[in-house]
Amino acid sequence: MGIMQAGLTQDAPQAYKHLNIALYSVHMPLFALLFGLNIPGSWIRRGSFVYAANRIIGFIYLYLVWSLIQGTAEVLGARFSNGGTTWADVANLSRPLAHLWYLPWMVFIFGCLVIVRPWETKVRAVLSLTVCATFAVALWGVNYAVIFGSGIAIYLFALVGSLIGTNRMGQLDKARPLVTISVALSSLIVFLSMVLSNLDISTPTLDDPYRTDSSILFGIIATLTGVTGLVLAVASASRWVSFASLEFIGRYSLHIYLMHLLITPLTRILLVRSGVDNPVILMVISLTTGVGLPLVTAVLLEKRVPWLFNVPQALQLVEKVKK
């Protein structure tokens, strides 16, 4: 996205447009699905509103801390990039900076899910699916630049994740390989065929002022097939391939998400100023550093500087853990 905004993809604009659509069609819905997966199990083990309040306090705390960190980086780096963030923007917490909208998003959907607990009854599940699906269709490709205004369309995926739960997800490797592999391949073929075509596709978390009924429909189909294909492909491959390294990275996924926009723009700026303007090279190096450096930083600093990623104990409520 940043490479496109910087005008570095003019030699092959369509190719990078397809890549951008593919990425934004699946990566945030997939995050939302994985976020929802863990909620029922956690609630069963520790289910209390004190536990829920502590989780919400944690998300709010991270939003405040990382708004200051991200905002400071954007203000100081504004003259080197195509941004124009000011200290007033940093102080205005009602308008999340860059990717930090995801933290208020987690506050809202986590609160809703633990209050409604749709995994407990079929009636709640159906009603919740109906409400979230309606909002997804109505607000697909619509993102308001205010707190709780972004990512409304992907609440549906967090809900679906909570209805599946980690127990059911863990049983995928027991399903018939032929079935899961066939569905995975079919889904990915449909997904790739759509994003590589000339169809107008609206993605769920990017604001699309030109969205139409057809672009919304194609966007929903692309996201559903892309997420389904990826989940089933990984589940199928896990029978024969170890994903221990990905599981390790997954434990630090929120850390990486919080830090990646401190790294990737700086990497791109340094490379361009050094004379590297090939978008493929820029993407590969930016992706590598954008994941690798935050991962290393998180591993090194999580215990040494715990307040960066975890709410201090003094701000948490006392919780009685279920036995």
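The residue that is least open to solvent (accessible area, probe 1.4 Å), counting only those in segment 183-201 that are assigned to a loop (DSSP other than H, G, I, E, B) and among the hydrophobic types (A, V, I, L, M, F, W, C), is I201. The residues of segment 143-162 that are assigned to a loop (DSSP other than H, G, I, E, B) and either hydroxyl-bearing (S, T, Y) or open to solvent by 20 Å² or more (accessible area, probe 1.4 Å) (or both), listed by number, are N143, Y144, A145, V146, I147, F148, S150.
Of everything listed in (1) within 25 Å of W66 (Cβ to Cβ); (2) β-branched (V, I, T); (3) modelled with pLDDT of 85 or more, the single unmet condition for V284 is (1). Please state which one of S81, S42, S48, S67 is of a type in the set (S, T, N, Q), modelled with pLDDT of 95 or more and on the phi < 0 side of the Ramachandran plot. Just one listed residue meets the conditions, S67. Taking helices (runs of 4 or more DSSP H) that do not extend beyond segment 31-138, which have at least 3 residues that are open to solvent by less than 50 Å² (accessible area, probe 1.4 Å) and under 21 Å from L315 (Cβ atoms)? Ranges flagged: 49-77, 102-116.
Residues in segment 194-229 that are small (G, A, S) and under 23 Å from the mean Cα position of the chain (by Cα): S202, S215, G219, A222, G226, G229. Filtering segment 20-30 to residues that are of a type in the set (A, V, I, L, M) and either free of Cβ contacts under 8 Å to residues at least 60 places away in the same chain or buried (at least 19 other Cβ atoms within 10 Å of the Cβ) (or both) leaves I21, A22, L23, V26, M28. Of the residues making up segment 244-253, just one is open to solvent by less than 50 Å² (accessible area, probe 1.4 Å) and assigned to a helix (DSSP H, G or I), namely G250.
Residue count for segment 217-229, restricted to those that are open to solvent by less than 20 Å² (accessible area, probe 1.4 Å) and touching a residue at least 60 places away in the same chain (Cβ under 8 Å): 5. Name every residue in segment 267-323 that is in contact with a helix residue (DSSP H, G or I) (Cβ under 8 Å, 6 or more places away or on another chain), open to solvent by 50 Å² or more (accessible area, probe 1.4 Å), not aliphatic (A, V, I, L, M) and not in a loop (DSSP other than H, G, I, E, B), in order of residue number. Answer for segment 267-323, where residues must be in contact with a helix residue (DSSP H, G or I) (Cβ under 8 Å, 6 or more places away or on another chain), open to solvent by 50 Å² or more (accessible area, probe 1.4 Å), not aliphatic (A, V, I, L, M) and not in a loop (DSSP other than H, G, I, E, B): just W307.
Considering the conditions (1) open to solvent by 60 Å² or more (accessible area, probe 1.4 Å); (2) at pLDDT below 95, T180 is excluded by exactly one of them, (1). Is it the case that some residue within segment 202-213 is in a helix (DSSP H, G or I) and either open to solvent by 60 Å² or more (accessible area, probe 1.4 Å) or among the polar types (S, T, N, Q) (or both)? The answer is yes, given that some residue of segment 202-213 is in a helix (DSSP H, G or I) and either open to solvent by 60 Å² or more (accessible area, probe 1.4 Å) or among the polar types (S, T, N, Q) (or both).
The values are calculated or read from the model by the stated rules, or taken from the named source; none is laboratory data. All figures in this text were calculated on a predicted structure; none of them were measured in a lab. Cβ: placed from backbone, ideal geometry, glycine included. Neighbour counts: every protein chain shown. With ligands, DNA and RNA removed, areas are computed over all heavy atoms of the protein, side chains included. Shrake-Rupley method; radii C 1.70, N 1.55, O 1.52, S 1.80 Å.
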